[in-house]
1. Which distance in nm do the two modelled labels at Lys203 and Ala179 give, with both placed 7 Å along the Cα-to-Cβ direction?
2. Here is the link list: Lys235/Lys303; Lys212/Lys262; Lys270/Lys294; Lys60/Lys125; Lys235/Lys269; Lys270/Lys303. Which ones come out longer than 26 Å on Cα distance?
3. More than 37 angstrom separation, counting every C-alpha pair in the chain; what % is that?
4. Among Cys118, Cys51, what is the fewest-to-most ranking by other Cβ atoms within 10 Å?
5. Taking the Cα centre of the chain as the origin and placing charges on Cβ (Lys, Arg +1; Asp, Glu -1), which of Asn104, Ala286, Gly18 is farthest toward the positive end of the dipole?
6. For the chain, give the magnitude of the charge dipole about the Cα centre (Cβ charges: +1 Lys/Arg, -1 Asp/Glu; no others), in debye to the nearest 20.
7. What do you get for trypsin sites (Lys or Arg not before Pro) in the stretch 46-85 restricted to DSSP loop and a cutoff of at most 12 other Cβ within 10 Å of the site's Cβ?
8. Round to the nearest 10 and give me the degree value, 0 to 90, for the angle of helix 34-54's Cα axis relative to the longest principal axis of the chain.
Amino acid sequence: MSLLIALVGFHILLFLYGSGSLSLLYPKFRSWFYYEVAMLFGPLLFVHLQCLVFNKKRLKLIDTLHLLPIIIFWFGYGDVLLMEGKVRNEYIYENFINRTMPWNYFLAFQMVIYAIGCSVFLYLKRFEFRNKHRQYALLLVVAYMFSAILISYLTHYADGWRDFASYYLILTLLIFGVAYLLFKYPDFFKQIRKKYFSSNLDKTDMLRIRTKIETAFAKDALFLDRSLSISSLGKILDEKPHHVSQTFSEFIAESFNDYVNKHRIQKAKKYLHDTKYSNYKIEAIALESGFNNKVTFYKAFTKFTGLTPSAFRKQKQ
């Protein structure tokens, strides 16, 4: 998120440079990084949403696919970027419609695609967000979607490069507006949550759901299901997913992931302590306990016990 905010500021500086007289005095960097930086907004937002849901810590190889639009841009416009500064300035001026303008449409299209993708992701994973993160994510997605719509409109209807100043002005005011809103009215999101995200569950209903959760975990060991989610748990309990989510956040006072992992760690500790499983590797213990991989298992085990699984096993031995 820090990188995204920094790139937004850098992008605004690039616009001021490229649309003003500075680009005529110092044409060397004209059009450099402008499109590439803007094409990173959507990917950074999408990855940030993944971090909120999946507690994602590192990028994976598949995440490099987000750079595909930038690579396409380099192949299609790289010859212009490699021109000498003054030559590039003249070339852009003379061939703006047929060479530069298509990439403006390409950028607008890329932003719209990510706006739709982030919106769909937010909707599908809405019950897996922590309550305080859900409204935060909603605000980010709405802001990005609004920006994508505005830049698409300006790309199609603007008469000149300077017309895009309204986009950057609104983007800047939006960022400061949100910051002021959160600073001045810290309960603002709580009001939105009560109006749009909360249900009419009372304590009796949440007590009933908590009892069903505890029974299902103790009797059926649902936490051993590596694909368990709020949605699937709701189906098993015959309860609405958002009711289950609300019960976790407001009544159990623990996130769904922490609740599940805590039970899995208890199971893993029994395996590590039992001599019958002394020949099991740590990864096998992780899978037997309901974790998808060893890395997630190590993080959760260390979080709840203060020891690594290997250290815990040695200590017990």
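Only the coordinates and a few stated rules stand behind these numbers; no lab work does. Bear in mind that the values here come from a model prediction, so they are computed numbers and not experimental data. Cβ coordinates were reconstructed from backbone atoms using ideal geometry, including for glycine residues, and neighbour counts include every protein chain displayed.
1. 4.1 nm
2. Beyond 26 Å between Cα atoms: Lys235/Lys303; Lys235/Lys269.
3. Here the long-distance tail beyond 37 Å is 36 percent of all Cα pairs in the chain.
4. Sorted ascending by nearby Cβ count, the order is Cys51, Cys118.
5. Result: Ala286.
6. Here the chain has a charge dipole of around 1620 debye.
7. Filter output for the stretch 46-85: Lys57, Arg58, Lys60.
8. On a 0 to 90 degree scale, this one is about 10.
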